[in-house]
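Q: Here it is, the structure in full.
The values are calculated or read from the model by the stated rules, or taken from the named source; none is laboratory data. Treat the numbers as computed from the prediction; the structure is a model and nothing was measured. For neighbour counting, all protein chains shown are included, and Cβ atoms are generated from backbone atoms with ideal geometry for every residue, glycine included. These accessible areas exclude ligands, DNA and RNA; they are computed on the full protein's heavy atoms, side chains included. Shrake-Rupley method; radii C 1.70, N 1.55, O 1.52, S 1.80 Å.
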Amino acid sequence: MPKTPAAKAPAPATMELTPDLVVTTIRIVEDEGPEPNWNPISPKQLDDLVSRIEEEAGDEEIWVFAYGSLMWNPGFEVAASEEAVAHGWHRAFSLRIERLRATSDAPGLMLALRPGGSCSGLVLKLPCTTKRESLRTLLAREIRYAEVCDMVRWVAVKTPTGVRRALTFWASGRQSPLTEKIPLEEAAGLIAQACGPAGSCAEYLHRTVSDLADRKIYDRNLWRLQQLVAARLRALHQLDRI
């Protein structure tokens, strides 16, 4: 996807990917287990990852840069939050999945950070009193497989109170088949078709773009992507009626 910035500006028009279209993508899907050919992270590996990040953080507070679902569903108690911009990074649907919100028969995509451009989002502070527990909860959600432990890293983000170091999740080049750059048209096709036990990729896209719009964040790539997904779903709906 092109490396374009997400600007603080009102969205140009009403979203084309409407709740009514999103509903057409939702269906009951049985859990098929872990991603094919990937090994679920073990409790020890998760503990080691938590310990590594705690050691890297030292005595500092741990802030997390949220750019997608962590903005609208952090999954942990947020002690504080600030608007933030990560320069040198952009959000993109480039993480290939066959589980969670997809299946092997209808694979999909989730968001990840990729190098280039800039990305507006939030930084979320982990509670000091439950920092290790909250960090473990976060990592268990975002790093589900041993092979992708390197997809968590520190980035510098600019906030109204200054520059912060924040933890985030990115498309590591070490897993290029999983995180390769994907053209918007191809991404739209994958997102329009994919649904799993956790819901559909179209639902994930809709919630993310809606949340960004509520925060006056306009991500040009995601805005175009929701238009493309909406067009595909409308076309599919017309075929179903023939």
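Q: Go through 48, 150 and list them by solvent-accessible area, largest first, probe radius 1.4 Å. Kindly include the intermediate steps, with their values, before the conclusion.
A: On the way: 48 80, 150 35 Å².
Largest to smallest exposure gives the sequence 48, 150.
Q: Oh, and also: Can you list the GluC sites (Glu not before Pro) in region 10-75 that are in a DSSP coil and have 16 or fewer other beta carbons within 10 angstrom? Before the final figure, lay out the partial values.
A: Numbers: sites: 16, 30, 32, 54, 55, 56, 60, 61; in loops: 16, 30, 32, 60, 61.
Answer by residue number: 16, 30, 32, 60, 61.
Q: Given charges of +1 on the Cβ of Lys and Arg and -1 on the Cβ of Asp and Glu, with all other atoms neutral, how large is the dipole of region 84-242 about its Cα centre, in debye to the nearest 20? Write down the numbers at each step before the final one.
A: On the way: 25 positive and 14 negative charges, 133 e Å.
Taking the Cα centre of region 84-242 as origin, the dipole is about 640 debye.
Q: How big is the charge dipole of region 1-143 about its Cα centre, in debye rounded to the nearest 20, if each Lys and Arg gets +1 on its Cβ and each Asp and Glu gets -1 on its Cβ?
A: Roughly 380 debye, rounded to the nearest 20.
Q: Using Cα-Cα distances under 8 Å and only pairs 6 or more residues apart, what relative contact order does region 1-138 have, in percent?
A: 34 percent
Q: Per residue, how much accessible area does region 91-188 have with a 1.4 Å probe, in Å²?
A: 41 Å²
Q: Further question on the same structure: Could you tell me what percent of the accessible area of region 203-242 is made up of carbon and sulfur, with a 1.4 Å probe and every protein chain present?
A: Details: 1050 of 2190 Å².
For region 203-242, the apolar C and S fraction of the accessible surface comes to 48 percent.
Q: Checking the a/c ratio against 1.5 first, then a/b against b/c, what shape does the Cα gyration tensor give for region 61-220? Before the final figure, lay out the partial values.
A: Values: a/c = 1.60, a/b = 1.40, b/c = 1.14.
Here region 61-220 falls in the prolate category.
Q: As an exercise, take the mean of 1/r over every pair of distinct alpha carbons in region 1-151, invert it, and state the Kirkwood radius in angstroms.
A: One over the average 1/r among Cα pairs gives 17.6 Å for region 1-151.
Q: Positive end of the charge dipole of region 146-242 (Lys, Arg +1 and Asp, Glu -1 on Cβ, about the Cα centre): tell me which of 231, 206, 217 has its Cα farthest that way.
A: Going by the charge dipole, the pick is 217.
Q: Hey, got a sec? Which GluC sites (Glu not before Pro) in region 173-227 land in a DSSP loop and have at most 14 other Cβ atoms within 10 Å?
A: Passing both the DSSP loop test and the Cβ count: 180.
Q: Just want to confirm a number: the relative contact order over region 131-239, from Cα pairs under 8 angstrom separated by 6+ residues, in percent.
A: 17 percent
Q: Take the solvent-accessible surface of the protein heavy atoms, probe 1.4 Å, and return the percent of it on region 62-155 that carbon and sulfur atoms account for.
A: Accessible surface attributable to carbon and sulfur in region 62-155 totals 49 percent.
Q: OK, next. Under 19 Å from the Cα of residue 131, which aspartates and glutamates turn up, not counting those fewer than eight places away in the same chain?
A: Within reach: 47, 48, 54, 55, 56, 59, 60, 61, 77, 82, 142.
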